[in-house]
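Single-structure report; data block below.
The values are calculated or read from the model by the stated rules, or taken from the named source; none is laboratory data. Keep in mind the model is a prediction, meaning the values are calculated, not measured. Cβ placement follows ideal geometry from the backbone for every residue including glycine, while neighbour counts extend to all protein chains displayed.
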Amino acid sequence: MTLTETILARAAGKARVQAGDNLWVKADVLMTHDVCGPGTIGVFKREFGQAAKVWDRQRVIIIPDHYIFTADSKSNRNVDILREFVKEQGITYFYDVIDNPDGKWVFDSSKGMLQRQYGSHYAGVCHTALPQKGHTRPGEILFGTDSHTCMAGAFNQFATGIGNTDAGFVLGTGKLLLKVPETMHFRLEGQLQPGVMAKDIILHCIGEIGFDGATYRAMQFDGPGVASLSMDDRMTIANMAIEAGGKNGIFEFDAKTEEYVNHRTRLNGTKSSYEPVMRHQDEKFVYEMTLDLQRLEPTVACHPDPGQRKKARDLGHIKLDRAYIGSCTGGKTSDFLEFARVLRGRRVTIDTFGVPATPETVHDLQTARWGDRTIWQILVEAGVQMTENAGCAACLGGPVDTFGRMNAPLKCISATNRNFPGRMGHKESQVFLASPFTVAASAVAGRITDPREYLS
Ligand code: SF4
């Protein structure tokens with residue numbers, strides 16, 4: 001069995017399963033956020049009754065992160081609905097925007113978009129927050145009401161996005177009926193060259209198979225090349241499995257996984273026991289690809305979908321209006337560090353927005369120093385508009401007052417993960433997906449640029 005089949009078999013209480021089997025599996029964690037949480041709660045109450053209790057209040061994780069820093073009152077109200085449900089159910093893990101459990105969330109736009117407006121519990125973008133807060137464990141099953149839930153596959157777990165109806169059912173029962181996906185195999189060999197990042201790996205893979213090339217399939221990443229990838233790198237890759245239509249992305253368990261998970265569960269006092277899954281000799285794949293990381297070049301997914309792969313060096317003719325770094329995929333501390341490596345001592349020539357994924361990243365960037373400057377200062381001095389309000393921001397457009405949203409038909413190079421028409425706002429805008437290195441170099445040049453021109 002493949003890694004995915006092994007986890008699903010265990011969760012279904014079976015010795016063996018194969019692709020195509022329909023199984024009832026037990027959930028280890030259900031995550032929801034402010035966009036889908038209220039709808040999920042509505043389904044749960046309708047189907048299980050107004051007085052129903054969730055199946056396990058320690059396994060439901062609620063993370064508001066999407067439409068948070070907006071004056072849109074309906075969006076603010078969504079966070080209040082989550083808070084009321086958490087109180088009613090006694091849910092343990094709720095990363096509220098405000099500290100007062102009896103309060104209401106109202107964004108104060110008179111303070112501007114850059115200054116932080118969250119309290120001490122706020123965790124930022126759900127997929128980045130989950131591992132940081134100690135909720136991702138090898139061998140487990142994570143369901144989330146968000147398509148990029150697959151990011152947690154970096155931690156050797158089965159993680160997938162589900163809709164509100166399924167999530168309402170999981171809330172009530174802790175189980176879900178799933179068809180076992182076929183597995184596609186991506187064997188990574190060698191090491192990335194300077195100027196090339198994990199984002200380039202996944203953009204290359206999606207370019208190879210197309211934006212629907214992994215529809216309802218597991219994407220398994222393994223091989224000797226994985227050892228050199230950090231957990232952040234693996235998260236970037238697993239995150240974008242859904243951009244090829246994948247059911248999930250999954251990595252092997254190794255010492256890096258163990259170190260990260262043990263550290264984070266200890267730090268946060270969350271469940272620390274887990275049972276990783278290992279590869280079996282009898283694993284069967286429906287697709288095989290071997291990728292020599294050494295030969296990869298900075299890659300861009302052009303408008304209008306994540307499969308439109310081109311080399312950055314061939315796109316110098318595309319002039320840009322805007323650059324954006326942020327999101328679960330591209331807003332981690334390590335992403336901003338690589339971004340800053342290019343921008344240090346330079347200035348951007350187009351509007352450039354920086355949105356850290358989590359408050360922890362804001363803290364990292366404001367405390368880590370290169371010489372006498374913090375990373376945050378280096379970015380601001382380079383002309384990047386940095387907000388402390390960590391969250392999804394303009395990655396998915398959002399209400400019109402969202403920081404960085406494209407309210408006009410602009411061309412933007414972005415470290416985010418999705419570029420279908422209208423994704424970041426205006427329907428006629430164009431989004432080019434790239435690594436933080438490539439976004440930084442392009443922000444300096446004002447056109448799509450191979451970052452190796454800027455890195456010695
Ligand atoms: S940052 Fe973007 S991709 Fe990630 S969860 Fe938020 S909206 Fe989705």
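Filtered by the rule that a residue be within 14 Å of the ligand (Cβ to nearest atom) and within 14 Å of N268 (Cα to Cα), region 106-131 gives A123, A129, L130, P131.
It is to be established whether one or more residues within region 371-383 are buried (at least 19 other Cβ atoms within 10 Å of the Cβ), touching a helix residue (DSSP H, G or I) at 6+ places or on another chain (Cβ under 7 Å) and assigned to a loop (DSSP other than H, G, I, E, B). Checked against the condition, which is being buried (at least 19 other Cβ atoms within 10 Å of the Cβ), touching a helix residue (DSSP H, G or I) at 6+ places or on another chain (Cβ under 7 Å) and assigned to a loop (DSSP other than H, G, I, E, B), region 371-383 yields at least one hit. Taken together, the residues in region 324-362 that are assigned to a helix (DSSP H, G or I), of a type in the set (V, I, T) and away from the ligand (no atom under 14 Å from the Cβ) amount to 3. I'd like the full set of residues that are within 16 Å of G391 (Cα to Cα) and away from the ligand (no atom under 14 Å from the Cβ), limited to region 133-166. Result: K133, single match. For K411, the criteria (1) surrounded by fewer than 24 Cβ atoms within 10 Å (Cβ to Cβ); (2) within 14 Å of the ligand (Cβ to nearest atom); (3) over 18 Å from the mean Cα position of the chain (by Cα) hold in every case but one, which is (2). Do you know which residues across region 307-323 are within 14 Å of T438 (Cβ to Cβ), in contact with a strand residue (DSSP E or B) (Cβ under 8 Å, 6 or more places away or on another chain) and not in a strand (DSSP E or B)? Listed by number, the residues that qualify are A312, L315, G316, I318, L320. Here is the figure for region 1-47: residues that are touching a residue at least 40 places away in the same chain (Cβ under 8 Å), in a helix (DSSP H, G or I) and under 25 Å from D282 (Cα atoms) total 8. Name the single residue that is surrounded by the most Cβ atoms within 10 Å (Cβ to Cβ) among those in region 256-302 being aliphatic (A, V, I, L, M), more than 30 Å from I448 (Cβ to Cβ) and under 22 Å from the mean Cα position of the chain (by Cα). Among those residues, the one meeting the criterion is V261. In the set (1) within 30 Å of A244 (Cβ to Cβ); (2) more than 15 Å from the ligand (Cβ to nearest atom); (3) buried (at least 18 other Cβ atoms within 10 Å of the Cβ), the condition left unmet by G425 is number (2). Of all residues in region 438-456, those that are surrounded by fewer than 22 Cβ atoms within 10 Å (Cβ to Cβ), in contact with a Phe, Trp or Tyr (Cβ under 9 Å, 6 or more places away or on another chain) and not in a helix (DSSP H, G or I) total 2. Whenever a residue of region 395-410 is part of a loop (DSSP other than H, G, I, E, B), its partners that are among the charged types (D, E, K, R) and within 11 Å of the ligand (Cβ to nearest atom), lying with C-beta atoms within less than 7 angstrom and at least six residues away or across chains, give the pairs G397/R423.
Criterion first (part of a loop (DSSP other than H, G, I, E, B), at pLDDT 95 or above and of a type in the set (V, I, T)) does V300 satisfy it? No; evaluated as a whole, the condition is false for this residue.
Can D65 be described as of a type in the set (D, E), more than 16 Å from the ligand (Cβ to nearest atom), crowded, with 20+ Cβ neighbours inside 10 Å and under 30 Å from V261 (Cα atoms)? So D65 does not fit the description; no. For region 106-165, the tally of residues that are free of Cβ contacts under 8 Å to residues at least 40 places away in the same chain, aliphatic (A, V, I, L, M) and either under 25 Å from L229 (Cβ atoms) or surrounded by fewer than 23 Cβ atoms within 10 Å (Cβ to Cβ) (or both) stands at 1. Of the listed requirements (1) touching a His at 6+ places or on another chain (Cβ under 7 Å); (2) more than 16 Å from the ligand (Cβ to nearest atom), G371 misses just one: (1).
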